[in-house]
1. Enumerate the whole-percent occupancy of each 5 Å bin, from 0 to the last occupied one, for all C-alpha pair distances of segment 44-97.
2. So how compact is segment 28-185: Cα radius of gyration and Dmax in angstrom?
3. Could you list the square roots of 5 times each eigenvalue of the Cα gyration tensor of segment 85-166, that is, the equivalent ellipsoid semi-axes, sorted largest first and rounded to whole Å?
4. Using the 2.2 N^0.38 Å rule of thumb for compact globular proteins, work out how the chain stacks up: its C-alpha Rg over that value, please.
5. Considering only Cα-Cα distances, which of the following residue pairs are longer than 25 Å: Lys53/Lys82; Lys82/Lys165; Lys102/Lys207; Lys42/Lys165?
6. Could I have the simple spin-label model distance between Val100 and Phe78, label points 7 Å from Cα toward Cβ, reported in nm to one decimal?
7. When the dipole is taken about the Cα centre of the chain, and only Lys, Arg (+1) and Asp, Glu (-1) are charged at their Cβ, what size is it in debye, to the nearest 20?
8. What do you get when you divide the Cα radius of gyration of segment 126-178 by 2.2 N^0.38 Å, with N the number of residues?
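Derivation of every value follows stated rules applied to the coordinates shown; laboratory data play no part. Please read all numbers here as calculations on a predicted model, not as lab measurements. Glycine gets a Cβ as well: all are built from the backbone with ideal geometry, and neighbour counts include every protein chain shown.
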Amino acid sequence: MSGDIEDKPQPLIEHLIELRQRLLWAVGAFFVAFLVCFYFAKQLFNLLVLPFKWAVEWAGLTHRNVELIYTAPQEFFFTQIKVAMFGAFVIAFPVIAQQVYKFVAPGLYKNERSAFLPFLIASPILFLIGAALVYFFFTPMVMWFFLAMEQGGGEGQVSIQLLPKVSEYLSLIMSLIFAFGLVFQLPVISSLLVRAGFITSQTLKEKRKYAIVIAFVVAAVLTPPDPVSQIGLALPAILLYEISIYTARLIERQRANASNAQDAENEVAATPGEAD
């Protein structure tokens, strides 16, 4: 392995020392990122409120101001802490993943390292794609769905307006981001299981109908109790399951080609050379 990863036997105490060092680097990166994010917590929260503003525009309520409230003195303070922790994890994740890889890599074979590294890179990219889908599309759509339930008031009616609490709005958008981010890891997880030999593409294909049911059940658990967000999570999950079947077939095809090439080399090596 190139770089500063040393592939040599080490006693247990040295493994523990290295683990402590990796943890210190990971925790230090998270702490520094947390301080920076907490300093800009209000600006970060205002960015998270943008989908709510877009939903207000979609609903045609441009005359009203976008307002959020907090009903406890400490509520907005703890909300800023949660925002800072969320942002710190996103910023520090490359450092954390790097430290995990450097600790695990010496125990892997060279071909296992080359197979593991692409998944380590693909995982955060897929998570960010899921988070972007939530931020730019599903959160505005969910908030538009809730805004449509407002009641303008007038003769015989009371005025009912949506005034979300800052903590509840943050919990909603964070739960959606984590739900979509985790679902978008499905191709990575399935590909790793196929490489490890635990499942095959045929198994994934046969279990498709169960996967569809599980997708809707998971969507009902992870998302708010509205059909928009539940269907919005279940459909991408089903699409990602189909992508997982396709990637599993590619992995099996590559494995078969490599095995055939190795068999051909063995046959050539086993054939005695002809005398001159």
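1. 4, 16, 18, 18, 15, 14, 9, 4, 2, 0
2. Cα radius of gyration and Dmax of segment 28-185 are 20.0, 75 Å respectively.
3. Square roots of five times the eigenvalues give 48, 13, 7 Å.
4. 1.36
5. Violating the 25 Å Cα-Cα cut-off are Lys102/Lys207.
6. Going from the Val100 label point to the Phe78 one covers 2.8 nm.
7. That gives a dipole near 500 debye.
8. Segment 126-178 yields a ratio of 1.45.
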